[in-house]
Amino acid sequence: MENSPIKAPTMTLTSGPVAIYPRVQEALSRPVPYDYDPYFQDFYEQVSLKAGKAMRSDKPAIILHAEPAVAIEAAAASLISAQDTVLNLASGVYGKGFGYWAARYCKRLTEVEVAYNEAIDPEQVAEALRANPDVTIVSTVHHDTPSGTLNPVNEIGEVVKAHGALHLVDAVSSFAGMDIHPIDCAADIFITGPGKCLGGSPGLSVLDVSEAAWAHMEGNETSPRASVLSLLDWKDAWRKENAFPFTPSVAEVQGLDAALDQYLEEGPEAVWRRHDLTARACRAGIKAMGLELWPARESIAAPSTTAVTIPGDLTTKQIHSAARQTYGVTLSAGRHETYDKLIRIGHMGPVAEPIYAIAAVAVFGAAVRQHGIAADVGAGVEAAMAEIPNGT
Ligand SMILES: *Cc1c(COP(=O)(O)O)cnc(C)c1O
């Protein structure tokens, strides 16, 4: 890095990986204990309990030692059998993507799909379940990050439970940025990770798994064992007297612990409030510059990501390089279907502070202006600032 000709960014305002808290950085630099040393075994149990507490679960969390994309694939492989019919809800790239994994394992896949700037209506889910009474598993992405949109996952959870199906929820980029917990959305498998709103580094997954989901996996003859895709292998790994199926990512677990301490000590409600405030200030600024938000309605815009429609015929590259080269600010692009349609400003972890919204609005406006699009940066900054209550 020291010898790289490219200067490191001054500010990282992305939708994951994100800028991490200083205490996470400190934790990642600690000595790496042996995984079977009693110190680490006790520590692992404590972190699993702490992560469970952060999710307001009555169980210790299951930690997988890879990015949540792996946990989502592992959940599909472990849970879904050739007897299952899966209803997959797709309002964006991650939702659609889960369907591809589900299709590999299930008897039949059916989907509710909406435009990628829209949200799933719980009534559509109820309708799909009436039309497909054999559905045993429903999968929902809470915040489909490449769209910056939220699905009403708690209401969807109620519909899923009324039907008697299992609910698989991807809350990777919403948990710890807003009020969302496994119990609220009736999740049987709830997947998150440290690398988004918790302000930690990417590389682990944190899951809450219900008894019903474990029972379903145990009854699934094709649920993998001795595999990185096995959830069952990690079921009891949190208990210090139990063996790890393979070496856990020791340094990452220390980083996760620090991210959880940050969240719980600051207080979840306070953390959610600053995510919400930052996103509101950012949206107000973007609109006041005469630019357009990607979500069809602000009521479905996520508090952890502001997706802005790319104006005119500009490209992602043009906006990114103007922001990065002139101001040293890194923003996120769209992905797959949303690539070159929108730019994402992340408000996750330590940068979920309103001052970063002001910076993002100014930089975004200046970047599109460099390419000939009119944007009233002054009005944008004023509007963003107007959202921020005066301190005393
Ligand atoms: C970040 C994220 C994941 C994890 O996927 P990666 O491709 O490993 O980053 C999963 N689901 C959602 C909604 C995410 O935002």
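Given the criterion open to solvent by less than 30 Å² (accessible area, probe 1.4 Å) and of a type in the set (Ser, Thr, Tyr), identify the matching residue among SER174, SER227.
When all the criteria are applied, what remains is SER174.
Just to check your reading of the model, which residue among GLU127, GLU111 is surrounded by fewer than 17 Cβ atoms within 10 Å (Cβ to Cβ) and assigned by TED's automatic domain parsing to the domain that holds MET217?
Going through GLU127, GLU111 in turn, just one is surrounded by fewer than 17 Cβ atoms within 10 Å (Cβ to Cβ) and assigned by TED's automatic domain parsing to the domain that holds MET217: GLU127.
Step by step: first the residues of region 73-87, then only those that are open to solvent by less than 10 Å² (accessible area, probe 1.4 Å) and within 18 Å of the chain's Cα centre (by Cα), then the one that is farthest from ASN151 (Cα to Cα). Which residue is that?
Here the answer is ALA74.
Output the qualifying pairs, or none if there are none: Cβ atoms under 8 angstrom, residues six or more apart or on different chains, first residue in region 60-83 and touching a residue at least 60 places away in the same chain (Cβ under 8 Å) and of a type in the set (Asp, Glu), second residue in a helix (DSSP H, G or I) and within 16 Å of the ligand (Cβ to nearest atom).
Between residues of region 60-83 that are touching a residue at least 60 places away in the same chain (Cβ under 8 Å) and of a type in the set (Asp, Glu) and residues that are in a helix (DSSP H, G or I) and within 16 Å of the ligand (Cβ to nearest atom), the close pairs are GLU73/TRP101.
Matching residues to (1) touching a His at 6+ places or on another chain (Cβ under 6 Å); (2) within 12 Å of the ligand (Cβ to nearest atom); (3) under 26 Å from TYR339 (Cα atoms):
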{"residue": "HIS143", "(1), (2), (3)": "no, yes, yes"}
{"residue": "PRO146", "(1), (2), (3)": "no, yes, yes"}
{"residue": "SER173", "(1), (2), (3)": "yes, yes, yes"}
{"residue": "ASP179", "(1), (2), (3)": "no, no, no"}
{"residue": "ILE183", "(1), (2), (3)": "no, no, no"}
{"residue": "ASP188", "(1), (2), (3)": "yes, no, no"}
{"residue": "ILE191", "(1), (2), (3)": "no, yes, yes"}
{"residue": "PRO194", "(1), (2), (3)": "no, yes, yes"}
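Pick from TYR116, TYR100, TYR94: which is open to solvent by 60 Å² or more (accessible area, probe 1.4 Å), hydroxyl-bearing (Ser, Thr, Tyr), more than 18 Å from VAL206 (Cα to Cα) and not in a strand (DSSP E or B)?
TYR100
Mind checking which residues of region 250-267 are buried (at least 18 other Cβ atoms within 10 Å of the Cβ), farther than 13 Å from GLN46 by Cα and more than 19 Å from the chain's Cα centre (by Cα)?
VAL250
List, please: which pairs have Cβ atoms under 6 Å, are six or more places apart or on different chains, and start with a residue in region 181-199 that is under 26 Å from ILE20 (Cβ atoms) and touching a residue at least 24 places away in the same chain (Cβ under 8 Å) and end with one that is more than 16 Å from the ligand (Cβ to nearest atom) and open to solvent by 10 Å² or more (accessible area, probe 1.4 Å)?
Going by the 6 Å Cβ cut-off, the qualifying pairs are HIS181/ARG56; PRO182/SER57; GLY199/TYR21; GLY199/PRO350.
Suppose we filter region 329-358 for residues that are over 16 Å from SER173 (Cα atoms), outside any strand (DSSP E or B) and open to solvent by less than 10 Å² (accessible area, probe 1.4 Å); how many remain?
2
Does GLY199 satisfy the condition of being within 16 Å of the ligand (Cβ to nearest atom), surrounded by fewer than 24 Cβ atoms within 10 Å (Cβ to Cβ), among the small types (Gly, Ala, Ser) and assigned by TED's automatic domain parsing to the domain that holds ASP58?
No; evaluated as a whole, the condition is false for this residue.
Please work out which residue is nearest to the ligand (Cβ to nearest atom), limiting yourself to region 12-57 and to residues that are open to solvent by 50 Å² or more (accessible area, probe 1.4 Å) and hydrophobic (A, V, I, L, M, F, W, C).
Going through the qualifying residues, I end up with LEU28.
Just one of the numbered conditions (1) open to solvent by 10 Å² or more (accessible area, probe 1.4 Å); (2) within 16 Å of the ligand (Cβ to nearest atom) is not true of TRP214; which one?
Unmet for TRP214, out of (1) open to solvent by 10 Å² or more (accessible area, probe 1.4 Å); (2) within 16 Å of the ligand (Cβ to nearest atom): (2).
The values are calculated or read from the model by the stated rules, or taken from the named source; none is laboratory data. Values in this document were obtained by computation on a predicted structure and should not be read as measured data. Glycine gets a Cβ as well: all are built from the backbone with ideal geometry, and neighbour counts include every protein chain shown. Just the protein is used for accessible areas: all its heavy atoms, side chains included, with ligands, DNA and RNA removed. Shrake-Rupley method; radii C 1.70, N 1.55, O 1.52, S 1.80 Å.
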